[in-house]
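Novice: Sharing a structure, written as structure tokens. Questions coming.
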Amino acid sequence: MAIEAETSSLGNALVVLGAAGIVIPAFARFRITPVIGFILVGLLVGPSGLGALTGDYPWLRHVTIRSPEDIALFGEFGIILLLFSIGLELSFRRLWQLRKLVFGVGAAELLVSGLILGGVLLMIGTLTPPAAFGLGIALALSSTALVLPIAGTRSAVGRASFSMLLFEDLAIVPIIFILGAFAPNAAGDNAQLLLTTLWQGALVVAVLAVAGWFLLPRIFAQAARAKDPELFLAASLLVVIVAALATATVGLSPIVGALLAGLMIAETEYHGEVEAITAPFKGLALGVFLISVGMGLNLATIARNWSTLLLAVVAVVVVKAVVTALLLRFSGARRGTAAEVGLLMSSPSETTLIVLATAYQAQLISRATAEFWQLVTAIGLTITPLLARVGHDVARRIEMKSADGESDDEAPVARTVIVGFGRVGHTVAELLREHRQPYVAVDADIDTVAAARRDGFAVRFADVVRPNSLDRLGLEHANAIVLTMDDPVQQLRMTRKLREKYPDLPIISRARDADHAGALYKAGASDAVPETLESSLQLAEAVLIDLGMAMGPVIASIHDVRAKMRHDIMTKGALDREPRIERLRSNPAGEDA
């Protein structure tokens, strides 16, 4: 028996590792998310796929997984590592900034979607009110494991999604206890048990936060002194497991502890190293979870009930998408952001399966009802990447329509015009916005424009290569124009045209080097900033200081190089003055170069 169990475990490991080695590069080659690949692998090798043929073909036991329970533990650990990695990207300050979204929009989305879905189930089915609304709340949950890797946490879409998902994760414990309280044979002390769990959970979280504040920097400092990556990995896994076990011990979800562990490490200076070391494990464990989702799909059952399943999936997706989008719009989100988050959050969650199991154990729903909605949940998880793609396209169309709908005949505005919204243009716009200076940016990449508009930047779609494309921006009233695109020939051509048409318009342009800066000055630029100059000087300064050179001689030599560069630009650009920006940068105290 021991040998048989060992063989089965090795077969499961072979399937999972083989799936990771084949699915990820294969789907990446075709630019398709590997999420779908892992789910399809689970469907293929699971109990309703090739696993059903092991009786006729015994050799299939070595390349199939006969029971989802065989890898369920690894799937749960994958979700824990995922939440840990998300915590590494955050901080307590960011969480405090998101509190209105978490406890406002997040709470409203869960309750409103749950009430609507529960009300529909109550009207069309034979469920009791507790069962109907419990099932509605379960279906209102969204997938943390799939949504956050797609949306991230930095963009407007990611922040909104993360806030609502965080509230849902925190609400899991009260939901489970409330369902248990409605069980026909429930004891009368469920409310007391819920209160006990909540105060004990709050105490554990507080103890973990204080302990992490004092202990984690010291633990990782010792690992850093040893210069052994394995120690970093061991310390990271130890922190995750201890935090997850601590919250699970008092009845909270272990993913709360994993998120808290990530947040605590994010406050230390070692979070980058920890994130890099644990990243491969997170991807592999998430793949295991997705394989278990695919194994939950039974093609025979789907074929028999495809029309009812389709109707159920569409109903859940539509209700959740509409409710989420409307709530985000009421909270001030842009239309594109609201639409994308609505579709991204519209499918059920892996935690829906947990709530369904709880409702079944509490005898609120029958086995057939639980299995039906488990299939709906598995199908919803499978189509989540497709919903994300559709949501992205819909948001882009909405933002483009919004941009096109802006009146071109509006009153002239004195503002800065930024051409190109890449890394440089984004930084310029951020600083202008911080100092409350009016601006408008243009870019020829539709996805860039849509993403920037969802993040609140004033960006329009325009291809500056086309004749007269900039005339609609009112350059005759502009304060300045900033050329940030990385195309030297196009920059020179545009600078000449702009100077001919607008003699008094300040033109600030990004330049590759001194030669390009001189050519831009000659073409009519007011200021040209060589992007390679300061980075190379700072790099040389760092090298010289690290080699033990005295600070004074190093700074003097840097000033000499700057002076020579300014002279070269003056000569090549036929200037009768020093380049203004370079002079300011090299003389911060007003001294003569």
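The values are calculated or read from the model by the stated rules, or taken from the named source; none is laboratory data. Small disclaimer: the values here were computed from a predicted structure and weren't measured. Here the Cβ is made from the backbone with ideal geometry for all residues, glycine too, and neighbour counts use every protein chain on show. These area figures cover heavy atoms from the full protein model, side chains too; ligands, DNA and RNA do not enter into them. Shrake-Rupley method; radii C 1.70, N 1.55, O 1.52, S 1.80 Å.
Novice: Taking into account only those residues within segment 499-513 that are more than 36 Å from the chain's Cα centre (by Cα) and part of a loop (DSSP other than H, G, I, E, B), which is surrounded by the most Cβ atoms within 10 Å (Cβ to Cβ)?
Specialist: Ranking the candidates gives Leu505 first.
Novice: Scanning segment 121-169 for residues that are in contact with a Leu (Cβ under 9 Å, 6 or more places away or on another chain) and of a type in the set (S, T, N, Q), which turns out most open to solvent (accessible area, probe 1.4 Å)?
Specialist: Only one residue tops the list, namely Thr128.
Novice: If I ask for residues that are in contact with a strand residue (DSSP E or B) (Cβ under 6 Å, 6 or more places away or on another chain) and open to solvent by 10 Å² or more (accessible area, probe 1.4 Å), which ones from segment 431-442 would you list?
Specialist: Of everything in segment 431-442, those that are in contact with a strand residue (DSSP E or B) (Cβ under 6 Å, 6 or more places away or on another chain) and open to solvent by 10 Å² or more (accessible area, probe 1.4 Å) turn out to be Leu432, Tyr439.
Novice: Can you tell me which residue within segment 128-158, out of those that are in contact with a Lys or Arg (Cβ under 7 Å, 6 or more places away or on another chain) and aliphatic (A, V, I, L, M), is modelled with the highest pLDDT?
Specialist: Taking the candidates together, the pick is Ala140.
Novice: Another question, if that's okay. Among the residues of segment 232-240, is there at least one that is closer than 28 Å to Pro174 by Cα, free of Cβ contacts under 8 Å to residues at least 40 places away in the same chain and touching a Pro at 6+ places or on another chain (Cβ under 8 Å)?
Specialist: no
Novice: Just to be sure before I move on: is Ala563 in a helix (DSSP H, G or I), open to solvent by 30 Å² or more (accessible area, probe 1.4 Å), at pLDDT 75 or above and on the phi < 0 side of the Ramachandran plot in the structure I sent?
Specialist: Taking the combined requirement at face value, the residue does not satisfy it.
Novice: Go through (1) open to solvent by less than 100 Å² (accessible area, probe 1.4 Å); (2) at pLDDT 80 or above; (3) among the charged types (D, E, K, R) for Arg496 and report which single condition fails.
Specialist: Here Arg496 clears every test but (1).
Novice: Among the residues of segment 285-301, write down those that are in a helix (DSSP H, G or I) and open to solvent by 20 Å² or more (accessible area, probe 1.4 Å).
Specialist: Across segment 285-301, the qualifying residues are Leu286, Ser292, Leu299, Ala300, Thr301.
Novice: Tell me the residue from Gly118, Gly37 that is at pLDDT 80 or above, open to solvent by less than 10 Å² (accessible area, probe 1.4 Å) and in contact with a Phe, Trp or Tyr (Cβ under 6 Å, 6 or more places away or on another chain), please.
Specialist: Every option except Gly118 fails the conditions.
Novice: What is the number of the single condition among (1) surrounded by fewer than 18 Cβ atoms within 10 Å (Cβ to Cβ); (2) assigned to a loop (DSSP other than H, G, I, E, B); (3) at pLDDT 80 or above that Asn468 does not meet?
Specialist: It fails just one condition, (3).
Novice: If you don't mind, there's one more thing I want to ask. Does Ala300 count as without any contact (Cβ under 8 Å) to a residue 12 or more places away in the chain and of a type in the set (A, V, I, L, M)?
Specialist: For Ala300, the condition - without any contact (Cβ under 8 Å) to a residue 12 or more places away in the chain and of a type in the set (A, V, I, L, M) - is not met.
Novice: Take Arg583 and decide whether it is open to solvent by 80 Å² or more (accessible area, probe 1.4 Å), at pLDDT 75 or above and more than 38 Å from the chain's Cα centre (by Cα).
Specialist: In short, no.
Novice: Give the number of residues within segment 359-383 that are open to solvent by less than 40 Å² (accessible area, probe 1.4 Å) and over 19 Å from Leu311 (Cβ atoms).
Specialist: Within segment 359-383, residues that are open to solvent by less than 40 Å² (accessible area, probe 1.4 Å) and over 19 Å from Leu311 (Cβ atoms) number 3.
Novice: May I ask you to list the residues in segment 313-333 that are of a type in the set (Gly, Ala, Ser) and surrounded by fewer than 20 Cβ atoms within 10 Å (Cβ to Cβ)?
Specialist: Scanning segment 313-333 gives Ala315, Ser331, Gly332.
Novice: OK, next. Farther than 30 Å from Leu328 by Cβ and open to solvent by less than 10 Å² (accessible area, probe 1.4 Å): does that describe Pro530?
Specialist: Criteria met by Pro530.
Novice: Taking the residues in segment 342-360 that are within 18 Å of Ile255 (Cα to Cα) and outside any helix (DSSP H, G or I) as candidates, determine which candidate is modelled with the highest pLDDT.
Specialist: Pro348
Novice: Any chance segment 241-249 includes a residue that's closer than 27 Å to Leu148 by Cα, within 26 Å of the chain's Cα centre (by Cα), of a type outside the set (A, V, I, L, M) and open to solvent by less than 40 Å² (accessible area, probe 1.4 Å)?
Specialist: Yes.
Novice: If you don't mind, there's one more thing I want to ask. Kindly provide the set of residues from segment 259-277 that are without any contact (Cβ under 8 Å) to a residue 24 or more places away in the chain, farther than 13 Å from Ala224 by Cβ and not aliphatic (A, V, I, L, M), ordered by number.
Specialist: Within segment 259-277, none qualify.
Novice: Being over 26 Å from the mean Cα position of the chain (by Cα), part of a helix (DSSP H, G or I) and either modelled with pLDDT under 90 or over 16 Å from Ser349 (Cβ atoms) (or both) is the filter here; which residues of segment 302-314 pass it?
Specialist: If the condition is that a residue be over 26 Å from the mean Cα position of the chain (by Cα), part of a helix (DSSP H, G or I) and either modelled with pLDDT under 90 or over 16 Å from Ser349 (Cβ atoms) (or both), then Ile302, Ala303, Arg304, Trp306, Ser307, Thr308, Leu309, Leu310, Leu311 are the ones that fit.
Novice: Checking Leu520 against (1) modelled with pLDDT under 80; (2) in contact with a Leu (Cβ under 8 Å, 6 or more places away or on another chain), which single condition isn't satisfied?
Specialist: That leaves (1) as the condition not met.
Novice: Considering each of Gly524, Gly548 in turn, give the residue that is within 30 Å of Arg493 (Cβ to Cβ) and without any contact (Cβ under 8 Å) to a residue 60 or more places away in the chain.
Specialist: Gly524
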